[in-house]
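Bear in mind that the values in this text are calculations on the coordinates, not laboratory data. Please read these numbers as outputs of a predicted model, since none were measured by experiment. Here the Cβ positions follow ideal geometry from the backbone for every residue, glycine too, while neighbour counts run over all protein chains shown.
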Amino acid sequence: MDVSQYLDIFIDETKEHLQNLNEQILIIEKEPENSDTINEIFRAAHSLKGMAGTMEYKRMQKLTHQMENVFSEIRIGNMKVEPALVDILFQCLDALENYLEIISETGAEGENENREILDKLDEILNGNNKIQTKAGSQINEKKAENQMAEKKMTNLSEKNISSSEEIYKQFVYSDDERQMIEEAIESGLNVYAFTISIEETCLLKSARSFLVFKKVSSLGKIIKTNPSSQDIEDEKFDLDFSIMVISKEPFEKIKKAIKKVSEIKKVVGEKIGTIPEINLNIAQEELNDLNRTEGEKDNSENIGGQIEDTKDKNHNGKESYNKSGRLNEKSKEGISQKDKSCNEKGHEDKSRDDHTSDKREGRNNSKKHIAGRSVRVDIEKLDVLMNLVSELIIVKNGLASQKTKSMVTDLNTFNEQVEYLERVTAGIRESVMNARMMPIETVTQKFPRMIRDLTKKLGKDMELYITGEDTELDRTVIDEIGDPIMHLLRNSADHGLETPKIRAKRGKPKTGTIRLDAYQDGNSVVIEVSDDGNGIDIEAVKNKAVENGKITKEEADIMSDKEAIDLLFTPSFSTAKEVSDISGRGVGLDVVKTKIESLGGEIEVRTKLGEGSTFVIKLPLTLAIIQALMVDIGNEKYAISLANIQTIESIQKKDIKHMQDKEIVNIRDKVIPLIRLSKILDIERETDDENITVIIARKGDRFAGFVVDNLIGQQEIVIKSLGKYMSNISRIIGGATILGDGEVALILDINTLM
Amino acid sequence: MNNNEAMNNIEKNSMENKQNFEKEKRQYVALNIGEEQYGIDINYVESIVKMQKITRVPKSLIYIKGMINLRGEIIPVMSLRKRFEVDEAPYDKKTRIVIVKMQPQAPIGIIVDGVREVVSLTDDDIDRIAVDENDQYSKYIVGVGRVKNSDVLISILNIINVIGIDISDED
């Protein structure tokens with residue numbers, strides 16, 4: 001069966017489940033008795049197993065199956081959550097993540113059997129059995145009780161389902177269909193009817209039903225469905241649907257095939273020998289009758305769903321519509337009565353009852369969870385929307401530039417129009433931006449687990465506090481920011497925090513604190529990673545740099561603290577290993593810095609020796625639309641992001657001084673190097689004015705002046721990529737934008753020149 | 001019944017595909033550089049637009065003329081003359097940009113002296129030519145096609161080599 005089209009959904013869902021498992025197992029490590037969490041874990045493991053099975057990832061399925069077994073033991077109470085078990089569970093998750101990674105790269109799950117983990121799980125399961133026998137009769141009695149209760153429950157649920165079994169009998173046949181069935185039976189083919197019930201917890205009912213259709217279609221021909229296939233596709237059905245199949249295959253084979261689809265709770269069906277001798281109208285009436293009687297019997301939750309169905313069919317008959325409306329009320333009463341009886345029954349066996357109510361609660365919880373999370377939107381769709389918005393902005397800019405030209409008459413209305421258009425575009429832009437925004441939580445949620453692992457590995461007690469997880473960032477930034485933050489957290493844990501001994505000596509609490517704080521600040525988002533550890537030993541950094549030959553002793557002596565800390569971000573510094581206090585402090589920090597700068601952000605460090613350090617990352621809210629200064633260079637137009645620009649100066653030619661072949665200029669007691677953009681961009685220019693316009697830009701503490709010919713003005717521009725063919729041109733071209741007159745202008749990333 | 005219809009449709013479609021396959025007739029956009037005629041497989045051609053203002057991109061490849069705005073999308077434009085290392089001709093009323101799309105996300109424009117027509121050629125009408133290592137130019141051509149009922153010869157462009165920038169490993 002071809003399931004490749006579900007691969008994306010599978011990967012997404014598996015990621016979510018794994019994340020969920022990670023979180024829940026972290027909780028259970030702290031509260032081993034939390035039954036909600038245990039149930040949640042069990043469910044997640046179960047769905048993972050089902051999904052892996054559907055996608056035919058056998059190894060993954062095996063591993064999840066074993067995990068599920070362990071949890072089911074825990075859930076029944078035969079086993080306790082112990083630290084050793086938690087460790088193995090985390091190993092399982094890592095192994096599953098590995099599978100997923102391989103799957104998302106290659107589509108197949110790879111060869112790794114993860115025998116070791118499976119063996120460990122086996123050991124736990126077996127070991128538990130031994131303990132259980134030792135524990136003697138008490139548990140056994142309890143188990144027997146449980147089993148009895150289970151039997152009772154299954155009896156009960158079978159009774160409930162009995163009405164759903166009947167659904168396929170309620171098929172209404174058109175003449176064509178009757179003929180088709182007749183012909184099929186005459187020609188020796190089998191006709192089956194099935195009613196398929198889907199698990200209540202299933203999220204993608206239509207996808208499951210689609211899989212059922214696919215499987216059945218490979219064995220025979222589906223001639224009829226109830227509700228209609230369109231409704232099933234649109235998920236307009238409750239938990240069960242019925243199909244009628246013509247096939248050569250034996251009944252059991254088809255039933256088995258359907259059952260194989262995951263999250264299918266129950267399949268009932270039969271072979272149909274003769275066509276029910278009813279025609280359309282009679283069937284309709286009979287259907288109503290059936291519902292009425294069943295409504296009175298009030299024995300099933302399914303009635304509601306059935307009546308909904310009838311309602312749909314009865315659109316033509318107002319009377320019957322009303323009837324079923326009344327029926328609906330009746331059946332509601334029925335359901336509440338049934339709940340009551342269920343409760344009574346539950347009292348007979350407490351543990352079972354606990355379990356069901358847990359399950360119900362759990363289901364509600366998980367539903368809430370999902371609703372609050374995210375709506376998956378294909379980023380391409382958003383890009384299209386984005387494109388439209390950018391065009392709107394282009395129109396607006398076009399209109400705005402027209403304003404100055406010919407529209408002398410009726411200027412007021414025109415202005416109003418432009419203003420209106422501006423309001424609209426601003427509104428659309430904001431909403432599209434918001435759609436692209438994701439909470440930073442999607443990145444931070446994997447960190448608690450990481451810190452836990454580091455605690456064990458480094459033998460340091462530490463606690464991670466995260467605030468501002470709901471701070472939102474553009475999707476493109478979110479995707480990129482995870483690794484740098486992880487790096488900083490590792491740095492803090494590994495090199496920032498002292499060992500417990502030293503902490504005790506310094507009078508600090510035994511457990512180290514690492515904080516991850518995110519918040520919005522104007523048009524940027526700030527992410528701070530801080531620890532209450534040792535802080536950066538600036539003298540040690542300087543010594544190291546001198547040792548490495550990066551700076552001379554004299555330079556080190558006059559170096560400011562800030563400059564010294566900046567040394568940490570230089571590439572070669574990452575090899576530092578000997579000086580224990582700062583060892584590795586620079587590992588990969590240059591990578592972190594490069595990444596953040598490529599996202600248009602900046603990073604700085606605040607530190608105090610002995611008290612801890614804070615890495616502050618500042619990121620732009622969005623990358624797609626920026627405020628830019630339009631300039632002329634020669635006869636070409638370029639855009640420069642306003643974020644880079646400090647001031648704009650007009651400078652006389654005579655004020656330019658030369659130093660080592662470089663032009664410099666002294667502005668307000670600051671020596672600033674001049675960069676001729678025309679030279680860098682290979683633009684030919686004839687004149688050299690007495691007065692030149694210089695854009696002063698700042699990057700960190702560095703300043704530079706960029707010479708342009710003319711300022712056009714400030715404008716909101718939409719950044720567009722130059723596309724794949726132009727990806728390997730000079731980094732100074734940061735993108736392109738479309739101007740009001742439809743012309744393309746390039747965006748200069750002057751940061752790269754500083 | 002929906003399922004039935006769907007089944008029938010699938011059968012019908014596959015029948016049609018078979019018939020197309022048997023014909024093996026392909027259409028090419030015929031364009032010219034000076035006096036010479038070239039053809040591009042029409043499946044790759046997204047649209048043909050008139051000459052418009054091109055924004056130069058500093059430090060790009062020599063045959064890339066710059067970027068244009070095609071209905072809100074910014075796409076690069078290359079000169080076929082520059083690519084073939086012949087002298088550039090001034091743009092006139094007949095100059096066109098053929099927008100070619102090899103991959104969904106990567107359109108590129110090709111400046112040509114003019115676009116004449118669309119011709120249909122079967123594989124039999126095209127004489128394949130081998131790539132000659134010594135002749136740079138030969139790798140841009142797949143073969144030469146003869147248009148029926150005329151003595152026009154059309155060099156069919158190897159569009160992948162003409163575009164020449166390997167984008168397959170980009171994401």
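Structure notes:
- Look at B:Tyr38, A:Tyr420, B:Tyr91 and count the other Cβ atoms within 10 Å of each Cβ; fewest to most, that gives A:Tyr420, B:Tyr91, B:Tyr38.
- Relative contact order %, region A:495-571, counting alpha carbon pairs below 8 Å whose residues are six or more apart: 24
- Value of relative contact order over region A:4-135, rounded to a whole percent, pairs C-alpha under 8 Å and six or more apart: 27
- If the segment from A:Ile729 to A:Glu31 were pulled out straight at 0.36 nm per residue, it would be longer than the present Cα-Cα gap by 245.7 nm.
- The label point for A:Lys260 and the one for A:Gln520, both projected 7 Å from the Cα toward the Cβ, are 5.0 nm apart.
- Mean-position separation - Cα centroids, region A:639-699 and region A:188-205, in angstrom: 74
- Other protein chain C-beta atoms within 10 Å of residue C-beta, averaged over B:135-147: 0.
- Per-residue average of Cβ from other chains inside 10 Å of B:54-65: 5
- Once the Cβ-Cβ distance of A:Ser206 and B:Ile160 is raised to the sixth power relative to R0 = 41 Å, the FRET efficiency obtained is 0.50.
- Summing charges over all other residues whose Cβ lies under 13 Å from the Cβ of A:Asn114, with Lys and Arg as +1 and Asp and Glu as -1, gives -3.
- Segment A:Ala435..A:Asn415, full-extension length gain: 4.2 nm, with 0.36 nm per residue of separation and the alpha-carbon distance subtracted.
- Neighbour-count order for A:Ile651, A:Ile680, fewest beta carbons within 10 angstrom listed first: A:Ile680, A:Ile651
- Label-point separation in nm, A:Glu183 to A:Lys15, each point 7 Å along Cα→Cβ: 4.9
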